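A.B. asks: The following block contains the structure, expressed as structure tokens.
The values are calculated or read from the model by the stated rules, or taken from the named source; none is laboratory data. In this text, all values refer to a predicted model and were calculated from it rather than measured experimentally. We place every Cβ from the backbone using ideal geometry, glycine too, and count neighbours over all the protein chains shown.
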Amino acid sequence: MCGQLPIRIPLLADIPGISRIFFEQNAVIYLTVPIFALVHFTLYRSIAGLRLRAVGENPEAADAAGISVPRARYAAILAGSALMCLAGGLLSVGGVKM
């Protein structure tokens, strides 16, 4: 891809087929693993994730606990939309080769 620096790991890059699959991708592809880890940590290991899951599973109980249900849902929609924009941009622009 244009402007992309190749990453070469000595033993893995010499295996036929593996080199192209793993080492000739867009930078956003490599960012998906840390983004996944961050989202997983946020949802299952943080207070914000606990509140968000409570809003999704039982909004009445979350409201009784003092959590703003509309604000939590709006924040979840914004975060999900940002990730979808990143994926859509990758699909539309990332595949274009110059």
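A.B. asks: Name the helices (runs of 4 or more DSSP H) wholly inside the range 2-98 in which the number of residues that are at pLDDT 80 or above is 3 or more. Step through it out loud before you land on a result.
C.D. replies: Values: elements: 10-13, 18-23, 27-45, 47-57, 59-64, 69-89.
Where helices (runs of 4 or more DSSP H) fall fully within the range 2-98 and carry at least 3 residues being at pLDDT 80 or above, they are 27-45, 47-57, 59-64, 69-89.
A.B. asks: Here's something else I'd like to know. Under 9 Å between Cβ atoms, which residue pairs at least 6 apart in sequence (or on different chains) link something in the range 52-66 that is under 21 Å from ALA79 (Cβ atoms) with a partner that is hydroxyl-bearing (Ser, Thr, Tyr) and part of a helix (DSSP H, G or I)?
C.D. replies: Pairs found: LEU52/THR42; ARG53/TYR44.
A.B. asks: Whether any residue in the range 66-80 is among the basic types (Lys, Arg), exposed (fewer than 12 other Cβ atoms within 10 Å of the Cβ) and either over 30 Å from ILE9 (Cβ atoms) or more than 14 Å from the chain's Cα centre (by Cα) (or both) is what I want to check.
C.D. replies: yes
A.B. asks: For residues that are β-branched (Val, Ile, Thr) and more than 14 Å from ALA87 (Cβ to Cβ), tally how many sit in the range 15-31.
C.D. replies: 3
A.B. asks: Something else: Being among the basic types (Lys, Arg) and surrounded by 14 or more Cβ atoms within 10 Å (Cβ to Cβ) narrows it down to one residue among ARG53, ARG20, ARG45; which is it?
C.D. replies: Result: ARG53 is the single residue among ARG53, ARG20, ARG45 that is among the basic types (Lys, Arg) and surrounded by 14 or more Cβ atoms within 10 Å (Cβ to Cβ).
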